[in-house]
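Report on the following structure.
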Amino acid sequence: MQDDNDPENWSEQPPDKTMPSLNPFLQARILANKTQAQLGREINVSPLYILRVEQGLFSAPPDPIVKHYTSKLGLPQAWEAGYANFRKLTRMSAPRPITGMAEKPLDPYTFRRWRLHNWPNLSQIGWCKAFCVHPASVYAIENGTQASVPKEVLTALIEARIFSEDGARFFAYIIKKNQSTSRAIPERRAA
């Protein structure tokens, strides 16, 4: 069986779905025996920032993070393929919608209503973690500061096999139409 954590196997080959992939940034931190807090102090960022990188929430980790990890923690130069592989495997194992398939949004669905209808047990950040999407992308569409679905979100939904590419384009069209005519609703709180 292929070891997805071995840098020699970080290639353009399809991921092995039977073996969970470890984010190369998390792997490098663990091998260096560092905590997120220690690393945050070294790079001058918060431990939460390190956590977000390790959760795969950045489409590409910021340069200061990459430079520190490659120079100080021995992150292999092939980290990009490992990071992409981690994000893809995470998305492929994301929870399925409660209906079994994501219903296409019909009037008057906004993105938030669609997300809550299909994943009622996931908070906004829980949904972002499950689909390796930065929370700022989802927040922007859900609070109404962005009318169109971010490309990062559409890519995640395609890679998670929630939508085909055509389905994602239709979804984006309907959401954009509905976002412009509906006001965002407050997120439900768990009881």
Requested in this report: Filter the helices (runs of 4 or more DSSP H) completely within the range 27-90 down to those with at least 2 residues that are farther than 21 Å from residue 135 by Cβ and not small (Gly, Ala, Ser).
Outcome: 36-43, 63-72
Query raised in the report: If residue 131 satisfies every condition in (1) aromatic (Phe, Trp, Tyr); (2) at pLDDT 90 or above; (3) surrounded by fewer than 15 Cβ atoms within 10 Å (Cβ to Cβ) but one, which is the exception?
Result: (3)
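Conditions (1) in contact (Cβ under 8 Å) with a residue 40 or more places away in the chain; (2) within 18 Å of the chain's Cα centre (by Cα), marked per residue:
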position	(1), (2)
118	no, yes
122	no, yes
135	yes, yes
149	no, yes
152	yes, yes
157	yes, yes
162	yes, yes
169	no, no
172	no, yes
Report summary line: Checked pairs for the range 49-60, first in the same structural domain as residue 26 (by TED's automatic domain parsing), second assigned to a helix (DSSP H, G or I) and of a type in the set (Gly, Ala, Ser), C-beta under 7 Å and 6 or more apart or across chains, list as 49/40; 50/40
Query raised in the report: Of all residues in the range 156-191, which are at pLDDT 85 or above and polar (S, T, N, Q)?
Result: 164
Query - Output for the range 30-47, where each listed residue is more than 14 Å from residue 72 (Cβ to Cβ) and surrounded by fewer than 17 Cβ atoms within 10 Å (Cβ to Cβ) - result: 30, 35, 37, 46, 47
Query raised in the report: Is there a residue being basic (Lys, Arg) and at pLDDT 90 or above anywhere in the range 54-77?
Result: no
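The values are calculated or read from the model by the stated rules, or taken from the named source; none is laboratory data. Note that the coordinates shown come from a computational prediction; the quantities given were computed from them, not determined experimentally. We place every Cβ from the backbone using ideal geometry, glycine too, and count neighbours over all the protein chains shown.
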